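The values are calculated or read from the model by the stated rules, or taken from the named source; none is laboratory data. As the structure is a prediction and not an experimental result, all values here were calculated from the model. Here the Cβ positions follow ideal geometry from the backbone for every residue, glycine too, while neighbour counts run over all protein chains shown. Protein only, heavy atoms only, side chains kept; ligands, DNA and RNA dropped before computing areas. Shrake-Rupley method; radii C 1.70, N 1.55, O 1.52, S 1.80 Å.
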Amino acid sequence: MVSEREDFSLSGPLHLTIVDWNNAHHRRSVAASLVQGVRVLERDRQVKRRGSQALAPPWWEFFHFQLHRQLVDDVDSSIFGAIYEFKPPESHYDKSVVESPCYVIAFRGTITKPGSVQRDLELDMSIIRNRLHETSRFETAIQAVRNVVATAGESNVWLAGHSLGAATALLAGKTMAKTGIFLQAFLFNSPFISAPIERIKDKRVKHGLRIASSVITAGLAFTTKKKSSQNSRSVDPFATLSAWIPFLFVNPGDPFCAEYIGYFEHRKKMDDIGIGAIERLATKNSLGSLLMTAMGRESEPLHLIPSANLIVNLTPCQDFREAHGIYQWWRPDLHMKSKLYNYR
């Protein structure tokens, strides 16, 4: 049975008959649709929809993209990503096209269906353990990113991903940023591995818990990393990444990504009350990664990033599925709050 969410004619952003690449809503909607295209591409493979029966192509063809290459996991042969090339007809060229990407590299989220669920859940666990960078799927992804950037140039390449795919895109973006290559990235519902403090309704309790967590994390970070910081002139890798500013899309009703809201807001509040130094140390570490480091196993927390354009969807959602879904991000009636956070 075909899911309505997989059918572009039923669920896609059909209102975007003309894309204005200067319009933030249009860029977001296209990026989300291309991510959905990867998901439907894998579902087509799983249920053997081919040719005219395939549902995936409209998700990119509607916006004049072509499927340049599928990215396939070497463990279960599932399609986890795609490289799209923008090929608009001459009739669609206008001034805004200069703001469009030449290539978009998109990564899907977890699919809980036979054919991919076991491998996807294994990778979800690798995110929790901060070991996604050690997986063969990420090796395939980052090599694809490097190859496309080498061919097209960094200004012509976008990254996009949802959930597990957002974690993959985030890690790829951070990896490239460490080499001085800053790619525009659209991260939808990217996982934040932490206690769900953002779910607490009482603001005073929530703020108190965040301060306590920051103090503990900063103290442990200072103790754990004191030996490795003998060279006072060493470059702060977190500060090095601060020039990379991805678009981070979160929904407060989604516990997988909602902590990003408190993560950035709390950092500003700590600055406002004069203890920003503690938070600057805490904000680049997690308790889990510090404990791993203390046990002799280096562990960089994937979800912690210095800077971001944080876009929060304030539109009421019926349930978790809607709050976590990729399809919310191309709705034309979204009520959103956006704020730029730049690490200093």
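Quick check on region 93-107: of everything there that is more than 16 Å from THR135 (Cα to Cα) and at pLDDT 95 or above, which residue is surrounded by the most Cβ atoms within 10 Å (Cβ to Cβ)? Checking each candidate, the answer is ALA106.
For region 168-180, residues that are open to solvent by 10 Å² or more (accessible area, probe 1.4 Å) and among the small types (Gly, Ala, Ser) total 1.
Confirm whether GLN46 is touching a residue at least 60 places away in the same chain (Cβ under 8 Å), over 23 Å from the mean Cα position of the chain (by Cα) and open to solvent by 30 Å² or more (accessible area, probe 1.4 Å). Yes, satisfied. Say we look at region 108-122 and pick out the residues that are in a loop (DSSP other than H, G, I, E, B) and of a type in the set (Lys, Arg); which of these is least open to solvent (accessible area, probe 1.4 Å)? Result: ARG108. Counting only helices (runs of 4 or more DSSP H) that sit completely within region 248-344, those holding 1 or more residues that are modelled with pLDDT under 75 correspond to 259-272, 276-282, 287-294.
Within region 140-167, the set of residues being in contact with a Phe, Trp or Tyr (Cβ under 7 Å, 6 or more places away or on another chain), in a helix (DSSP H, G or I) and open to solvent by 10 Å² or more (accessible area, probe 1.4 Å) comprises VAL148, ALA152, GLU154, ASN156. For VAL75, are the conditions met, namely being of a type in the set (A, V, I, L, M), touching a Lys or Arg at 6+ places or on another chain (Cβ under 6 Å) and more than 18 Å from PRO13 (Cβ to Cβ)? It is true that VAL75 is of a type in the set (A, V, I, L, M), touching a Lys or Arg at 6+ places or on another chain (Cβ under 6 Å) and more than 18 Å from PRO13 (Cβ to Cβ). Screening THR17 with (1) free of Cβ contacts under 8 Å to residues at least 60 places away in the same chain; (2) open to solvent by less than 40 Å² (accessible area, probe 1.4 Å); (3) of a type in the set (Ser, Thr, Tyr) gives one miss only, at (2). Filter region 33-71 down to the residues that are in a strand (DSSP E or B) and not basic (Lys, Arg) and list them by number. PHE65, GLN66, LEU67, HIS68, GLN70, LEU71, listed by residue number. Each residue in region 123-139 was checked for being charged (D, E, K, R), surrounded by fewer than 24 Cβ atoms within 10 Å (Cβ to Cβ) and over 14 Å from the mean Cα position of the chain (by Cα), and 4 pass. If a residue must be closer than 14 Å to ASP7 by Cα and not β-branched (Val, Ile, Thr), how many such residues does region 25-53 contain? Residues flagged as closer than 14 Å to ASP7 by Cα and not β-branched (Val, Ile, Thr) within region 25-53 amount to 12.
Annotation note: Cβ proximity below 6 Å between a residue of region 313-341 that is within 19 Å of PRO246 (Cβ to Cβ) and a residue that is of a type in the set (Phe, Trp, Tyr) and in a helix (DSSP H, G or I) (sequence gap 6+ or interchain) occurs for TYR341/PHE264.
When ALA195 is tested against (1) out of contact with any helix residue (DSSP H, G or I) (no Cβ under 7 Å at 6 or more places or on another chain); (2) modelled with pLDDT under 65; (3) not in a loop (DSSP other than H, G, I, E, B), only condition (3) is not met.
Within region 72-92, is there a residue that is of a type in the set (Asp, Glu), open to solvent by less than 50 Å² (accessible area, probe 1.4 Å) and not in a loop (DSSP other than H, G, I, E, B)? Checked against the condition, which is being of a type in the set (Asp, Glu), open to solvent by less than 50 Å² (accessible area, probe 1.4 Å) and not in a loop (DSSP other than H, G, I, E, B), region 72-92 yields at least one hit.
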